[in-house]
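**Student:** Sending over a structure as structure tokens; questions will come in a sec.
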Amino acid sequence: MGFFSRKNHFEVDGRTVVITGGSQGMGRGLGKALAQKGANVVLVARNQEKLDAALKYIAASAKYPQSQRFHTISADVTKPEENARLLEEVTAWNDGNPPDVVWANAGSSHPTLFIDTPIEILHSQMDINYWAAAYLSRATLKLWLKPATSSSKSQESQTRPTQPRHFIITSSVACFVGLAGYAPYAPAKSALRSLADTLRSELNLYNGYRRGHPDQGPPTDVKIHCVVPGTIKSPGLDQENQVKHAVTHLLEEGDMSQTEDEVAVAAIKGLESGGYLITTQFLGHAMRAGMLGGSPRNSWLVDTLFAWVINIAWLFIGPDMEGKVFKYGKTNEVSLPA
């Protein structure tokens, strides 16, 4: 990113952004924040009534009320054909142009102990938290990586300089650290981080081809990002807390939480700074630094130094968290399989 660079790596003014899971929570916050920056926003979710309310809410925040456009699409993104359909509808609505930014944000958490969780919920958690983003990413990349036609290149040159397109995946800090009670949810979010790492590597192939074959390659570069929020104050959190095990509540005592607006602003700020694996609050920053592995660094110096500190701190934090779970089991009743 560069220590002193002020370049905006995520310019959305006048561009079209698609957000799945856009009717409430983080998705609604993203819609509002992007509308304030001049984006044309398409919200995707299953419930049309909630979508209509969210659309009215974010449209009121438009930077250019007279010219910005907003749209909703009701779709079940756990189905591959629905992801293809929504992209086709967005392209038609966007005057025949594919969206510039697609944000795979749909997800939900059912935090229960693994052996207590019905198999159908384990499947549904993977469907909404992993497969929905995987289906959308595949459909989006197949659309974006088509070779540019001469007419589309001419149209692009007349409007604005070619800017990269961005595909963004919302994961969770649950992808960094395993916590008792998140077995239905955390593996899917971990898979999303791995998917983002892999797609980022693969996109070098197509972006490189574009450089070497300007008359044959895709019209723009494509960038992959993974946003990793922590606890978000939302209707979804209220539902989670109704089923969450007491030991999970214990482990999360004192955790930071953010409103939908706070997490949206932090996520977009990270994108504007050129980040790839983007956390949205201090606890998330610390967890990311200690668990980077082979993921690209946002800043090689800061991330390396922070990782040294966190890896030393984890010598104490890790055993403490495991000890809390052990002690809870020792001193409380625990349901066992029949």
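Values quoted throughout were computed directly from the atomic coordinates according to the rules given, and no laboratory measurement underlies them. Owing to the predicted nature of the structure, the values given are computational and were not obtained by experimental measurement. Here the Cβ positions follow ideal geometry from the backbone for every residue, glycine too, while neighbour counts run over all protein chains shown.
**Student:** Using only the alpha-carbon atoms of the chain, report the extent along each of the three principal axes, biggest first, to the nearest angstrom.
**Tutor:** Its Cα atoms span 71, 47, 34 Å along the three principal axes.
**Student:** Please list the non-local residues whose amide H lies under 5 Å from the amide H of V227, H modeled 1.01 Å from N, same-chain partners needing a gap of 5 or more.
**Tutor:** Distant-sequence amide H within range of V227: I169, T170, S171, I278.
**Student:** Shifting gears a bit: Pick out, in residue order, every one of the trypsin sites (Lys or Arg not before Pro) in the stretch 7-53 that is DSSP loop and has at most 14 other C-beta atoms within 10 Å; say none if there are none. Present the calculation step by step, with values, prior to reporting the outcome.
**Tutor:** Details: sites: K7, R15, R28, K32, K37, R46, K50; in loops: K7, R15, K37, R46.
Within the stretch 7-53, the qualifying trypsin sites (Lys or Arg not before Pro) (loop, at most 14 other Cβ atoms within 10 Å) are K7.
**Student:** Here's another thing I want to ask about it. Can you give the FRET efficiency for Q239 and W300, using 1/(1 + (r/R0)^6), R0 = 30 Å, r = Cβ-Cβ distance, to the nearest 0.05? Working shown, then result.
**Tutor:** Details: r = 40 Å, r/R0 = 1.32.
Once the sixth-power term is evaluated, E becomes 0.15.
**Student:** How about the stretch 242-338: which GluC sites (Glu not before Pro) there are in a DSSP loop, with at most 14 other Cβ atoms within 10 Å of their Cβ?
**Tutor:** Working: sites: E252, E253, E260, E262, E272, E322, E333; in loops: E252, E253, E333.
Hits after loop and neighbour filter: E253, E333.
**Student:** Still on this model: Given a Förster radius of 25 Å and the C-beta distance between D95 and E272 as r, what FRET efficiency does 1/(1 + (r/R0)^6) yield to the nearest 0.05?
**Tutor:** Numbers: r = 26 Å, r/R0 = 1.04.
Taking R0 as 25 Å, the efficiency between D95 and E272 is 0.45.
**Student:** Here is a further query. What number, in nm² with one decimal, is the all-direction average of the projected area of the convex hull of the alpha-carbon atoms of the stretch 1-133? Could you put the intermediate results ahead of the total?
**Tutor:** Details: hull surface 41.4 nm².
Taking a quarter of the hull surface, the average projection is 10.3 nm².
**Student:** Output ³J(HN,Hα) for the stretch 325-331: one whole-Hz value per residue in order, computed from phi by the Karplus curve 6.51 cos²θ - 1.76 cosθ + 1.60 with θ = phi - 60°, and x for Gly and Pro.
**Tutor:** In residue order, the calculated couplings are 5, 4, 5, 4, x, 6, 10 Hz.
**Student:** Place +1 on the Cβ of every Lys and Arg and -1 on the Cβ of every Asp and Glu in the stretch 16-330, take the dipole about the Cα centre, and give the residue among V173, N47, L237 whose Cα lies farthest towards its positive end.
**Tutor:** About the Cα centre, the residue reaching furthest to the positive side is V173.
**Student:** Along the stretch 208-214, what does the Karplus equation 6.51 cos²θ - 1.76 cosθ + 1.60 (θ = phi - 60°) give for ³J(HN,Hα), rounded to whole Hz, x for Gly and Pro?
**Tutor:** Taking θ as phi minus 60°, the curve returns x, 4, 4, 5, x, 9, x Hz for the stretch 208-214.
**Student:** So, one more: Between F282 and I115, what length comes free when the chain is fully extended (0.36 nm per residue of separation minus the Cα-Cα distance, one decimal in nm)? Working shown, then result.
**Tutor:** Values: separation 167, 0.36 × 167 = 60.12 nm, distance 3.22 nm.
Separation in residues times 0.36 nm, less the Cα-Cα distance, equals 56.9 nm.
**Student:** Next up: For the stretch 273-280, take each phi angle, set θ = phi - 60°, evaluate the Karplus expression 6.51 cos²θ - 1.76 cosθ + 1.60, and give the result in whole Hz per residue in order, putting x for glycine and proline.
**Tutor:** Those phi angles translate into 7, x, x, 10, 9, 10, 9, 10 Hz.
**Student:** Is it possible to state the helix-based mean residue ellipticity at 222 nm for the chain, with each DSSP H run of 4+ residues giving -39500 (n - 2.57), the sum divided by total residues, to the nearest 500 deg cm²/dmol? What is it? Write down the numbers at each step before the final one.
**Tutor:** Working: 12 runs with 165 residues, N = 338.
For the chain, the value works out to -15500 deg cm²/dmol.
**Student:** Can you list residues whose amide H is under 5 Å from F10's amide H, if they're 5+ apart or on another chain and H is modeled 1.01 Å from N?
**Tutor:** The answer is none.
**Student:** Taking the Cα centre as origin and putting +1 on Lys and Arg beta-carbons and -1 on Asp and Glu beta-carbons, what dipole magnitude results for the chain, to the nearest 20 debye? Present the calculation step by step, with values, prior to reporting the outcome.
**Tutor:** Values: 33 positive and 32 negative charges, 191 e Å.
The calculation lands at about 920 debye.
**Student:** Given the pairs K37/K142; K233/K327; K50/K146; K50/K244; K63/K244, which are separated by over 31 angstrom at their Cα positions? Could you put the intermediate results ahead of the total?
**Tutor:** Working: K37/K142 28 Å; K233/K327 29 Å; K50/K146 34 Å; K50/K244 25 Å; K63/K244 40 Å.
Result: K50/K146; K63/K244 exceed 31 Å.
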